Structures are given as C-alpha cells and as structure tokens.
Amino acid sequence: MYRGPACGRGVSDDALVWRCACGSHLNYEGARPLRRAEIVSDERSLWRYEAGLPLGRSDAVAYFGEGLTPLLPGLREAEPFLFKLESVLPSGSFKDRGSAVLVNALVRLGVQEVVEDSSGNAGASLACYAARAGIDCEVYTPESTSPSKLAQIVAHGARLVRIPGPRDETARAVQEAATRRFYASHNWQPLFVEGVKTLGFELWEQLGLRAPEGIVLPVGLPVRGSGGRLRPDPRGFPGRRR
Ligand SMILES: [Zn+2]
C-alpha cells in the first residue's frame, strides 16, 4: 500500500502511480523491519535483505549481483574513517540500489515503457536496468549534463531527450511525457527509496550490526544563474584541511 502523507489517501501498490492524486509524493507502507536471522548470508548482493524489501531475489529479472559494496578504511586521515565504495555498483552510482528494486517491481506490473528525468547518474542507472529487463527507456536530461553520462545512457540503448535551460525545465518536460509512459522517477516513485535503504542495511551489517556514528555524504547544489551547472565553492569543503 502507498499512502499520501498530505491527505492520508491510500493507493494499492499494484497501481501504476508515482504521486498522490492531491499532488503530494507517496510513501510505501508495505516494508517491514528486517531481522538479523532473515539475512540471506550466501547471497552476495543487496537481495540478501529481501525480507525487508517489497520483492525478493527470485523476482529480480534484472539482476547484476548489485550491492554489498566494500567498506574500506581511509588511508591518509588520522581519524578512523571508512569509505563505502558505491562506485563499484553496475552503472557506477548508488542509484542502482533504487533502480534494481523499482525496475524489477515494474516488470512484475507489466510495464514496458518508462521515462525518467536526470542530470546524469539516475538516468544512466535506469537505462542500465531497463535494458536488462527489456523495458523501453527514455531519459530527459538538462543540456548541462556531463557528456560521459549522456554517452552512458545512450550506450544502454535508452533514448535521450535533451532539454535547454535549468534542471526545473527538464522536470516540467518529463511530466508531460509521463502522460504517455510510466514515470519511473527516482525522486517520486516510493519503491526507488526502498532499494536505496539497503545502503543502511549494509552499513549496519558491515559494522558488526551497529549503526555508524555519523555519515558524510558529498552533495551538489545548482548555483542560481548557472543553468543547472555545478560550480565549486571557492572556499572549499567546510572542515577540509588546508
Ligand atoms: Zn494525497
């Protein structure tokens, strides 16, 4: 079951929806807590946590053995620090966790055509999983998207639609396209988040069934007037050593 947090409306998770009728996002309510004894220890992928996911390994048509990425100690810093190497996932980013769960759920629902908007990684990831699942994929990207990401999307056989202007213009254009094919949005579709949460399960398991004290995540924010391009902050990363 999905539920709209703004209006409380419930929607079956067999329905092909990506947002609530009132315009809000939807939350997935079907997930249950994962118990330690339920981890499938001989499955070397994120599907070892299938008991806490909306679908299991046997449902995964598009499967690359994704997940269970290495957690390695930092080599240069004096403080204890661990790096979670999400770049070794099949398309090169953590987005594969969400794509693995979402695309395989869409296969079960009979979806044959999807559309997505992305400034790079999410589009490449969806294109990769859609290709494996035999789903036709269209990706809308802002013109500022890095050429290597565009090449990756096209290499997976997805159709590319480049939209001039800032990122918001791409989001507007894809919602029009979403009237024709299913909008497999990494920002909107709640099953994508279900896949991403396996990163938390992995950290917990790899740290000896403990939560980490803290997590540092690199992020990028578009600068106003940059046309959606990222510009480095000349002051550098806060807290960085000089
Ligand atoms: Zn609603």
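Read-outs throughout are calculated quantities, based only on the coordinates presented, and are distinct from any laboratory measurement. Everything numeric in this text was worked out from a predicted model, so none of it was measured. Counting neighbours? That spans all protein chains shown, and the Cβs are built from the backbone with ideal geometry, glycine included.
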Quiz prompt | Selected from PHE94, VAL154, VAL111, residue furthest toward positive end of dipole (region 74-154; charges at beta carbon) | solution = PHE94
Quiz item: Measuring from the lowest to the highest alpha carbon on each principal axis, how far does region 1-77 reach, largest first, in angstroms?
Solution: 49, 37, 25
Self-check item: Computed lengthening from ALA21 to LEU209, 0.36 nm per intervening residue step minus Cα-Cα distance
Solution: 63.7 nm
Self-check item: 222 nm mean residue ellipticity, helices alone, for the chain (DSSP H n ≥ 4; -39,500 (n - 2.57); rounded to 500)
Solution: -8000 deg cm²/dmol
Exercise. Quote to one decimal, in nm, the extra length available between GLU176 and ALA31 on full extension: 0.36 nm per residue of separation minus the C-alpha distance between them.
Key: 49.1 nm
Exercise. Please list the equivalent ellipsoid semi-axes of region 97-162, computed as the square roots of five times the alpha-carbon gyration tensor eigenvalues, in descending order and whole angstrom.
Key: 20, 10, 10
Exercise. Using only alpha carbon pairs under 8 Å that are at least six residues apart, calculate the relative contact order of the chain and give it in whole percent.
Key: 17
Quiz item: Hull surface divided by four, with the convex hull built on the Cα atoms of region 1-142: how many nm²?
Solution: 11.2
Practice problem: Using the Kirkwood radius over Cα pairs, work out the Stokes-Einstein diffusion coefficient for region 136-182 at 4 °C and 1.567 mPa s, in µm²/s as a whole number. | Solution: 118
Self-check item: Volume per residue of the C-alpha convex hull in region 51-129, rounded to whole Å³
Solution: 116
Quiz item: What is the Cα coordinate range of the chain on the first, second and third principal axes, sorted by size from largest, in whole angstrom?
Solution: 52, 48, 39
Quiz item: What dipole magnitude, in Debye to the nearest 20, does region 74-176 give about its Cα centre under +1 on Lys/Arg Cβ and -1 on Asp/Glu Cβ?
Solution: 260
Quiz item: Just in region 97-181: which trypsin sites (Lys or Arg not before Pro) are loop by DSSP and have at most 16 other Cβ atoms within 10 Å?
Solution: ARG180
Practice problem: Just need the relative contact order of region 13-77 here, percent rounded to a whole number, with Cα pairs under 8 Å and 6+ apart. | Solution: 23
